[in-house]
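Below you'll find the structure I mean.
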Amino acid sequence: MVDAAQDTPGYNLVSIGEHKINIRPAVKDDLANVVALDDRTTGLRKPEYWDDLFTRYGNRKDSRFFLIAEEGDTLLGCIFGEVRSWEFNSVPCGWVGTVSVEPNLRMGGIGSILYKEICRCFRKAGVTKIRTMIPRDATDLMSFFRAQGMMAGPFIQLETDMDEGV
Amino acid sequence: MMSLQKATLFALYAVLELAEDTDRQLSASEIAERYNISTNHLAKVLRDLGRAGLVESVRGAGGGYRFCGNAKRTTLLDVVRLFEEVGAGPTSGIVQETNAGVALSLVMDEIEEITHATLLSISIETMLKLMRKRRPEKPSSTGLFRAV
């Protein structure tokens, strides 16, 4: 029986080979697995950060999206993003905060499924452009977003160390 | 605007042309004709690409070159680096021992770093997606790079 929710942005059931990947919004019970995945991916354990992020993103379905990919009870990846409006004089667009996939499953299509699904969420929220920001040395992540068709946008990020007294 | 040497540009043309259909074999002259470039120069470039394991020559009737690399893993930087240096240290001509030289080097380094990150993050497969997205193409006007 097909779940009617599968047609709703943020929900999807996708096959990759023999694997049936379920995409759905994150719930509070996912946080422990998300924290562990992030730990395996970045080497940094940040439970407070993810808890705060879930509080801000997990319960908003209109403009903030926190999705997970799972097979059975196993978390395979997650993505979050939000619609931001008029920041830096930009028309409303979808920002992807990050996408994370189980390291040994990378380049298998899970990240692309999550990306496509959050695009569906953004489209439903009324935006047609999607952005992200990536550290210059995060080559794999940049390659991933490039493979989704992303190119350099019209903004350049600038920064400086503040001198004493400024 | 980044300037690529002719050999680099020819290599990128050849790799992208051949990677578009890995079952297809094209001769140096067929590729050269399509891009209106020197067959002799391209033949030399193809030999270099062959040594790097990106293309292989197929002998016999209908022979030519075909792409044999990994389109998902091979980046633009992998190809460019076969023919020229990218981000090879201080920009030549800038006098490093002066304040102006140091300031100019900071700016040029920033440009180099962005160039390096861009070329490193774009795979041949991503380029093929871009090419398919932009069809119908005009062979001589990719507009991506300028050869010098």
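For the list (1) surrounded by fewer than 14 Cβ atoms within 10 Å (Cβ to Cβ); (2) away from chain B (no Cβ under 14 Å); (3) at pLDDT 90 or above, I need the number of the one condition that A:Phe88 fails.
Here A:Phe88 clears every test but (3).
Among the numbered criteria (1) farther than 27 Å from A:Gln157 by Cβ; (2) free of Cβ contacts under 8 Å to residues at least 24 places away in the same chain, which one does A:Ile68 miss?
All conditions pass for A:Ile68, except number (2).
Give the range B:23-59 a look and list any residue that's part of a helix (DSSP H, G or I), within 23 Å of B:Thr75 (Cα to Cα), of a type outside the set (A, V, I, L, M, F, W, C) and in contact with a strand residue (DSSP E or B) (Cβ under 8 Å, 6 or more places away or on another chain), or say none.
Within the range B:23-59, B:Gly50 is the sole residue that qualifies.
Every residue in the range A:96-138 that is within 14 Å of chain B (Cβ to nearest Cβ), crowded, with 17+ Cβ neighbours inside 10 Å and closer than 22 Å to B:Ile114 by Cβ, please.
A:Thr132, A:Ile134 - these are the residues of the range A:96-138 that are within 14 Å of chain B (Cβ to nearest Cβ), crowded, with 17+ Cβ neighbours inside 10 Å and closer than 22 Å to B:Ile114 by Cβ.
Follow-up question, since we're still on this one. Can you find even one residue in the range B:22-35 that is closer than 30 Å to A:Gly109 by Cα, out of contact with any His (no Cβ under 9 Å at 6 or more places or on another chain) and among the aromatic types (Phe, Trp, Tyr)?
Kept after step one, since they are closer than 30 Å to A:Gly109 by Cα, are these residues of the range B:22-35: B:22-25.
Subsequent filtering for residues that are out of contact with any His (no Cβ under 9 Å at 6 or more places or on another chain) retains B:22-25.
Pick out the ones that are also among the aromatic types (Phe, Trp, Tyr) and you get none.
The answer is no, given that none of the residues of the range B:22-35 is closer than 30 Å to A:Gly109 by Cα, out of contact with any His (no Cβ under 9 Å at 6 or more places or on another chain) and among the aromatic types (Phe, Trp, Tyr).
While we're on this one: So how many residues does the range B:97-134 have that are crowded, with 16+ Cβ neighbours inside 10 Å and not in a helix (DSSP H, G or I)?
Looking only at that region, the number is 2.
Right, something else. Is there a residue in the range A:70-82 that is of a type in the set (Gly, Ala, Ser) and under 18 Å from the mean Cα position of the chain (by Cα)?
So in the range A:70-82, the residues of a type in the set (Gly, Ala, Ser) come out as A:72, A:77, A:81.
Going one step further and asking which of them are under 18 Å from the mean Cα position of the chain (by Cα), we end up with A:77, A:81.
For the range A:70-82, residues of a type in the set (Gly, Ala, Ser) and under 18 Å from the mean Cα position of the chain (by Cα): present.
Shifting gears a bit: For A:Asp73, work out the one condition from (1) free of Cβ contacts under 8 Å to residues at least 40 places away in the same chain; (2) within 28 Å of B:Met131 (Cα to Cα) it doesn't fulfil.
(2)
Hey, any hits in the range A:41-57 for a residue that's exposed (fewer than 13 other Cβ atoms within 10 Å of the Cβ), part of a strand (DSSP E or B), away from chain B (no Cβ under 14 Å) and out of contact with any strand residue (DSSP E or B) (no Cβ under 6 Å at 6 or more places or on another chain)?
No.
Search the range B:55-94 for residues being among the acidic types (Asp, Glu) and more than 22 Å from B:Lys129 (Cα to Cα), and hand back the single one that is modelled with the highest pLDDT. Even if it seems obvious, please write down each step before you answer.
Step one: filter the range B:55-94 for residues among the acidic types (Asp, Glu), giving B:56, B:78, B:84-85.
Narrowing the set further to residues that are more than 22 Å from B:Lys129 (Cα to Cα) leaves B:56, B:84-85.
Details: B:Glu56: 95, B:Glu84: 92, B:Glu85: 86.
By that ranking, first place goes to B:Glu56.
If a residue must be in contact with a helix residue (DSSP H, G or I) (Cβ under 9 Å, 6 or more places away or on another chain) and either assigned to a loop (DSSP other than H, G, I, E, B) or of a type in the set (Lys, Arg) (or both), how many such residues does the range A:74-123 contain?
Adding up the residues that qualify gives 3.
The values are calculated or read from the model by the stated rules, or taken from the named source; none is laboratory data. Computed from a predicted model, the values in this text were never measured in an experiment. Here the Cβ is made from the backbone with ideal geometry for all residues, glycine too, and neighbour counts use every protein chain on show.
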